[in-house]
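Single-structure report; data block below.
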Amino acid sequence: MAANVRSFEAIKKERFKDENCPTPTSEEQMKVEESVEQLFDLFSKMVEIDLDAPTLLRIHHAAFLKKSLTYLPNAYQCLDASRPWLCYWILHSLELLDETLVSEDISKIAQFLGKCQSPEGGFAGGPGQFPHLAPTYAAVNALCTLGTEEAYNIIDREKLQKFLWSVRSPEGAFQMHPGGEVDIRGVYCALAVARLTNIYTDALFDNSANWIVSCQTYEGGFSGSPGMEAHGGYAFCGLAALSLLGKEQLCDIKSFLRWIVNRQMRFEGGFQGRTNKLVDGCYSFWQGGAFPLLHRILTQQDPSAVSMERWLFHQEALQEYILICCQNSSGGLVDKPTKPRDIYHTCYTLSGLSVAQHFVHGKANIVGNPNNELAPIHPVYNVGLEAALNALQYFQQLPVPQTQPS
Amino acid sequence: MAEADSSSEELYDEGNWVFYKYRVDWNDVVPVPQDDGPYPIVAIAYSEKFRDIYDYFRAILKSCEKSERALQLTKDALDLNPANYTVWQYRREILKHLNKDLIPELQYVKEMIEENPKNYQVWHHRRVIVEWLQDPSYELNLTETILSQDAKNYHAWQHRQWVIRTFKLFNNELEYVEQLLDDDIRNNSAWNQRYFVINNTTGFTKEVIDRELEFTLNKIKKVTNNESAWNYLRGVLLHHTGGISQDPAVKKMCEELYLSGNRSPFLLAFLVDMCEEKIERADGDMNDSLQHAVQLCDVLANEYDTIRKEYWNYVARSLSQRMNSSEDEATGSMKTE
């Protein structure tokens, strides 16, 4: 058996036990475990012939992504208001795979993202649409991933700051767009672009930390809005946003940690988004990506207790789930076995894989083929580490705009 | 009126669909193609119908036309992409401008929610219409319909919480939650809703805490591996003056479960936290508590919860070190005295 892989015989005891009380939750869980177990069994046989298994299907994934960069089938019509997201998911995935683009293509993508920028500031889901915080975050991340001066200069920083003012609520929360919904994604997207492009001001985020903390639930994770259930995507937004404010200590880190470690599935190895829900490859990042943030916070609080070798989740088990259960054999990655591939899941499973492979100070922990190693990420932005540092450095040289709420 | 409220999809059924560019009543409008720039980047293979409808949508957006026919057009556009927030936002502007009757709009958005229950925009539109009407009377029913198909639908719960909080509709919510927990004791959204109701009504008074502890302990005894119930137990005990380690009923249940041979990782984790709290409160022999906690962490890491090995090793180290440093402090202060 290959090094670094869990014993699949030993983990059979981790299968779900319904204690003679079957409910919809337990039935769905057992079905998923069944499909995962089939893949684990298949893998156990395969690894006897291929000692390097599991292998990341780099070439297939890169081909799927590169094709998607120019052409997307009709089924993507429902993402017509998320085109900067499509760019970001593809560019970030390619970056993780160490795939480079020719400078001509980089310029074309930057120009297209420029077409998505609104005359009022911020970016829209596509050319001619209204500006919205989510595609704004995606476009800024995509442009920083491209990393050329042309790409950086697409961003109208003064207008971007004005746009952020226009969606700020009096409590320090953010609407996704003028007239749109308020949830914790808003404050994270706003903070991420503000910090990355150096347009952050204290006034713009006055009281935001308190609003974010009001989304922490009795379970320990964060919810989309106060009162709701703790959820992986929102938990990442909450912790990353507090990190961007430097106010992590305002939330209950201990209960957050307890909640998030329990989201890793004992049998599947991947993460679920909420208590008693099913594993999903995308939470490899939304949950897994919070661990580097936690590591930094805990190292400040309690340096001698924190491991200097590993994050506080089972990095090998997550890599196994992604490599064995989430790869589509023709390229692209998926939520769970039997699900179709898509660009979103490709991006976030790969991002999670990168987190599971890399610890601080360049310490790598690669399951399977040594060529599986991906590029490291900056966990707060989920942009490649190098690209994030370059962008931060570039924008740091520019003055912070001082626009006021209108 | 009936005509104005039906989408043009109904006027032109699939076989008879007429593109906007061929419609006589639209021939005064010049369609606006999407400006993607010179290069195809993430270019979606739009259907001809999609392209046609959105070319006309861009045209009315550009001319700021807020008319009946523009309202129809937004419906056709949303049929093809219900996630287009620009179309929804513009639709709301038209509704306002025309001072439309909002009751048919409620019916329309209900149908859209039923077709797209996991879409942010449909639920937000619903919320705005309910805000405008200041009438929440259909909302509990609607969310119950959606939750009957997927009892954990996040959007439905978020909408329901907003309605309940805004219009003070807490009255029968605990019964609803109990019914959902009877259907599925592992439904974490229902547990969360239970907390939400209590937190926003009675609060966790002594009586409520006792009642909730009894409720939760019974559920844990039924399914000891149900994390939702254990998490809720911790939630209730956040409000208990005795923390998690002092309540006699909780202590009794944990002891009985453990002695009966139960090794649910949630039980063991809870016992670890009880030990930790006893140490913090200087309750009982601190060394005994520490030893017990470290032993529990050890069996969790190596036997009952191996996926969380790193975490349990960290908890054990963290506890031991805190204890050592507090002993150092204690001996230090004794020396200075």
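Here are some notes:
- Entries of B:219/B:252; A:66/A:339; B:221/B:251 with Cα pairs more than 19 Å apart: A:66/A:339
- Which of A:13, B:206 is most accessible, then next, and so on - probe 1.4 Å: B:206, A:13
- Those residues of segment A:132-161 whose amide nitrogen sits under 19 Å from the label point placed on residue A:206, 7 Å along Cα→Cβ: A:161
- Selection from A:370, B:193, B:22 lying farthest towards where the dipole of the protein assembly as shown points positive, charges on Cβ: A:370
- A convex hull fitted around the alpha carbon atoms of segment A:133-289 yields 111 Å³ per residue.
- Protein accessible area in segment A:113-220, 1.4 Å probe - carbon and sulfur %: 47
- Value of Rg to Rh for segment A:273-322 (Rh from inverse mean 1/r over Cα pairs, i.e. Kirkwood): 1.03
- Pairwise label distance in nanometres, residue B:298 with residue B:68, each label 7 Å out on the Cα-Cβ vector: 8.2
- Cross-link reach list, lysines versus residue B:21, counting only Cα pairs under 24 Å and skipping chain neighbours closer than eight places: B:49, B:62, B:66, B:75
- Segment residue A:38-residue A:98, extension gain: residue separation times 0.36 nm, minus the distance between their alpha carbons: 18.5 nm
- In order along segment A:91-96, phi translates into HN-Hα couplings of 4, 5, 4, 5, 4, 4 Hz, rounded to whole numbers, per the Karplus curve 6.51 cos²θ - 1.76 cosθ + 1.60 with θ = phi - 60° and x for Gly and Pro.
- Normalised per residue, the volume of the convex hull around the Cα set of segment A:293-335 (Å³): 86
- Along its principal axes, segment B:185-282 has C-alpha extents of 36, 32, 17 angstrom, given from the largest down.
- 18 Å cut-off, amide nitrogen to a point 7 angstrom out along residue A:390 Cα→Cβ, residues in segment A:180-198: A:196-198
- Per-pair calculated FRET efficiency, R0 = 56 Å: residue A:148 and residue A:252 via Cβ, rounded to 0.05: 0.85
- Near residue A:377, the amide H atoms lying under 5 Å from its own belong to A:385; only residues 5 or more places off or on other chains count, and H is placed 1.01 Å from N.
- Solvent-accessible area per residue, Å², over the protein assembly as shown with all protein chains present [probe radius 1.4 Å]: 40
- Using only alpha-carbon positions in segment A:7-57, the gyration tensor eigenvalues give semi-axes of 28, 12, 7 Å once each is multiplied by 5 and square-rooted (largest first).
- Extending 7 Å from the Cα toward the beta-carbon at both residue B:133 and residue A:30 defines two label points whose distance is 4.3 nm.
- Residue A:105-residue B:169 FRET efficiency (beta carbon distance; Förster radius 51 Å; 0.05 resolution): 0.40
- Per-selection metrics, segment A:235-308 (Cα): Rg and Dmax in Å: 12.6, 36
- Scattering curve values for chain A, log₁₀ I(q)/I(0), Debye with Cα scatterers, q = 0.12 Å⁻¹: -0.96
- From helices alone, chain B scores -21000 deg cm²/dmol at 222 nm; the rule is -39500 (n - 2.57) for each run of n ≥ 4 DSSP H residues, then divide by the residue total.
- With the whole protein complex present, residue B:184 retains an accessible surface near 10 Å², based on a 1.4 Å probe.
- Short-range pairs are left out: with C-alpha atoms under 8 Å and at least six residues apart, the relative contact order of chain B is 7 percent.
- Close amide H contacts of residue A:72 (hydrogens built in the peptide plane, cut-off under 5 Å, sequence separation of 5 or more or a different chain): B:43, B:44, B:45.
- Accessible-area composition of segment B:1-156, carbon plus sulfur, in percent [1.4 Å probe]: 52
- Efficiency of FRET from Cβ geometry, residue B:326 and residue B:119, R₀ 51 Å, rounded to 0.05: 0.45
- Sequence-separation-based contact order of segment A:186-310, relative, with Cα cut under 8 Å and 6+ spacing, percent: 20
- Reach of residue B:168 by Cα under 24 Å, taken over lysines that are not fewer than 8 positions away in the same chain: B:110, B:152, B:206
- Computed over segment A:26-112, Cα set: Rg, Dmax in Å: 18.2, 52
- Spatially proximal aspartates and glutamates relative to residue B:278 (Cα-Cα < 14 Å; intrachain offsets below 8 disregarded): B:247, B:288
- Accessible-area ranking of A:169, A:214, A:406, largest first, probe 1.4 Å: A:406, A:214, A:169
- Cα pair count fraction exceeding 17 Å, expressed as % - segment A:338-406: 59
- Base-10 log of normalised Debye intensity for segment B:202-248 (one unit scatterer per alpha-carbon) at q = 0.17, 0.20, 0.26, 0.31 Å⁻¹: -0.44, -0.61, -0.97, -1.22
- Dimensionless Rg over Rh [segment B:95-174; C-alpha; Kirkwood]: 0.96
- Phi to ³J(HN,Hα) by Karplus 6.51 cos²θ - 1.76 cosθ + 1.60 over segment A:340-354, Hz, x for Gly, Pro: x, 6, 7, 6, 4, 5, 4, 4, 7, 6, 5, 4, x, 4, 4
- Kirkwood's formula applied to the C-alpha pairs of the protein assembly as shown gives a hydrodynamic radius of 27.5 angstrom.
- Label separation (residue A:7 vs residue A:59): 3.6 nm, computed from points 7 Å beyond Cα along the C-beta direction.
- Counting only the Cα atoms, segment A:40-169 fills a convex hull of 150 Å³ per residue.
- Stokes-Einstein D in µm²/s, Kirkwood radius over Cα pairs - chain B at 37 °C with 0.692 mPa s viscosity: 131
- For segment B:188-229, residues shielded by at least 50 square angstrom of accessible area compared with the chain on its own, probe 1.4 Å: B:188, B:192, B:227
- Both chains summed, the buried accessible area for B and A stands near 6900 Å², from protein heavy atoms and a 1.4 Å probe.
The values are calculated or read from the model by the stated rules, or taken from the named source; none is laboratory data. As the structure is a prediction and not an experimental result, all values here were calculated from the model. Every residue, glycine among them, receives a Cβ derived from its backbone with ideal geometry; neighbour counts consider all protein chains shown. To get the accessible areas, we keep the full protein, side chains included, count just its heavy atoms, and leave off ligands, DNA and RNA. Shrake-Rupley method; radii C 1.70, N 1.55, O 1.52, S 1.80 Å.
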